[in-house]
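Here, each number is a calculation from the coordinates, and none is a lab measurement. These numbers were taken from a predicted model, which means no experiment stands behind them. With ideal geometry, Cβ positions are generated from the backbone for all residues, glycine too; neighbour counts draw on all protein chains shown.
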């Protein structure tokens with residue numbers, strides 16, 4: 001008869017409690033990291049508005065140099081064509097003969113919804129809507145209450 005070995009080797013593997021602890025740690029880290037990552041991605045998309053507003057301002061100022069007015073001669077249409085809509089913002093421009101306002105409004109259903117930025121002929125930058133809340137900041141806010 002064969003003799004049984006009392007020193008049998010233990011089975012290798014993880015216990016259920018060890019797996020639950022590991023999954024809990026990963027879940028906690030994900031709960032912290034995901035909102036921070038989402039905010040980071042949104043801030044990256046918000047940069048599009050000030051960039052396009054500044055570029056539009058250049059085109060409108062060049063139009064003024066050639067025509068001595070900001071509008072197209074009749075009504076309140078800007079004398080230059082605007083980028084009407086991008087993936088993240090829609091752009092509008094209203095102009096008189098000596099003034100204009102360009103507005104970038106976040107697209108509904110995107111991370112930029114609830115954000116509105118404006119720029120006028122005097123280079124006054126304003127954030128009129130930030131994270132869905134009315135704002136009176138005289139700058140373009142991209143993060144928190146910072147300009």
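A few remarks follow.
- Taking 0.36 nm per residue of sequence separation and removing the Cα-Cα distance, the residue 110/residue 12 pair yields an extension gain of 30.4 nm.
- The length gained by stretching the chain between residue 123 and residue 136 to full extension, at 0.36 nm per residue less their Cα-Cα distance, is 3.1 nm.
- Here the sum of -39500 (n - 2.57) over DSSP H runs of 4 or more residues, divided by the residues of the chain, equals -12500 deg cm²/dmol at 222 nm, to the nearest 500.
- Most mobile of 68, 57, 43 in a GNM of the chain (Cα contacts under 10 Å): 68
- Within the range 19-137, antiparallel bridges make up roughly 100 percent of the DSSP beta bridges whose residues both belong there.
- Helix 48-67 axis versus longest C-alpha principal axis of the chain: approximately 10°, rounded to the nearest ten.
- Straightening the chain between residue 54 and residue 94 buys 12.9 nm, computed as 0.36 nm per residue apart minus the Cα-Cα spacing.
- Rounded to 10°, Cα long-axis angle of helix 16-46 versus longest principal axis of the chain: 10 degrees
- In nm, spacing of pseudo-spin labels at residue 28 and residue 84 (7 Å Cα→C-beta vector): 5.3 nm
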